[in-house]
1. Does region 76-85 contain any residue that is surrounded by 15 or more Cβ atoms within 10 Å (Cβ to Cβ) and polar (S, T, N, Q)?
2. Please go through region 98-132 and pick out each residue that is part of a loop (DSSP other than H, G, I, E, B), in contact (Cβ under 8 Å) with a residue 60 or more places away in the chain and within 18 Å of H142 (Cα to Cα).
3. As an exercise: evaluate F5 against (1) over 30 Å from G120 (Cα atoms); (2) part of a helix (DSSP H, G or I); (3) of a type in the set (A, V, I, L, M, F, W, C) and give the number of the one condition it does not meet.
4. Can you tell which of S135, S161, S154, S141 is part of a helix (DSSP H, G or I), of a type in the set (S, T, Y) and more than 15 Å from the chain's Cα centre (by Cα)?
5. Conditions: (1) exposed (fewer than 15 other Cβ atoms within 10 Å of the Cβ); (2) part of a helix (DSSP H, G or I); (3) modelled with pLDDT under 95; (4) assigned by TED's automatic domain parsing to the domain that holds K165. R93 meets all but one. Number of the miss?
6. Being surrounded by 10 or more Cβ atoms within 10 Å (Cβ to Cβ) and either of a type in the set (V, I, T) or modelled with pLDDT under 90 (or both) narrows it down to one residue among L56, L50, L18; which is it?
7. Quick one: is D33 not small (G, A, S) and not assigned by TED's automatic domain parsing to the domain that holds E152?
8. Considering only residues that are surrounded by 10 or more Cβ atoms within 10 Å (Cβ to Cβ) and hydrophobic (A, V, I, L, M, F, W, C), look in region 32-47 and name the one that is modelled with the lowest pLDDT.
Amino acid sequence: MAETFRLPKIIKNQYLTLYVEYLLSSSIQRQFDSFKNGFFDVCSAKAISLFDSAELQLLICGAPNLDFKELEKGTTYGEGYHRDHVTIRQFWRVVNNFDESQKKSFLAFTTGSDRSPIGGLKELHLYISRYGDDSEMLPTSHTCFNHLELPEYSSEDKMVSKLEKAIVNSVGFGLL
């Protein structure tokens, strides 16, 4: 009967360590160096060194939790809307009840980005204006200006339906 050859555990661990290092580092070194050089052309290494990894992730990716109460605080209104207008109160009830995915979609629809800026959502300075009386029109947005045009819907249910339809269908226009 033939004996099977077994490598000592230390050699197996050393092999696995070297293989993982190769996969995650050596094999992509050229591509990583190109990325790093391009990145540092845009952002100086000196400036980046001022941040720890968590701060840098927040800077690049935005805050992971979307606090729409903060978005509400930083919002201004026009064309007949104001903070206490019935449509605006309905609007904030609706978007505050969105799940995280819907909130991201809503942000992308209104601002062009599904991320929170440094300083939180109050820094977005959303502007909501009245876009006519109750109608079948969907809300529209001007992402360059963080401007939402919101019709004065006759019910909260109708507002939910129209907002959901608007944010779901915005994907086809290259916003996400």
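The values are calculated or read from the model by the stated rules, or taken from the named source; none is laboratory data. Bear in mind that the values here come from a model prediction, so they are computed numbers and not experimental data. Cβ sites come from the backbone with ideal geometry, for glycine too, and all protein chains shown count toward neighbours.
1. No, the conditions are met nowhere in region 76-85.
2. Initial filter on region 98-132 (part of a loop (DSSP other than H, G, I, E, B)): 98-99, 112-115, 117-120, 125-126, 131-132.
Subset that is in contact (Cβ under 8 Å) with a residue 60 or more places away in the chain: 112, 114, 118.
Selection gives G112, D114.
3. Result: F5 passes all but (2).
4. From the options S135, S161, S154, S141, the qualifying one is S161.
5. Against the list (1) exposed (fewer than 15 other Cβ atoms within 10 Å of the Cβ); (2) part of a helix (DSSP H, G or I); (3) modelled with pLDDT under 95; (4) assigned by TED's automatic domain parsing to the domain that holds K165, R93 comes up short only on (3).
6. Criteria check complete, one pass: L56.
7. Answer is yes for this residue.
8. Among residues in region 32-47 that are surrounded by 10 or more Cβ atoms within 10 Å (Cβ to Cβ) and hydrophobic (A, V, I, L, M, F, W, C), the one modelled with the lowest pLDDT is C43.
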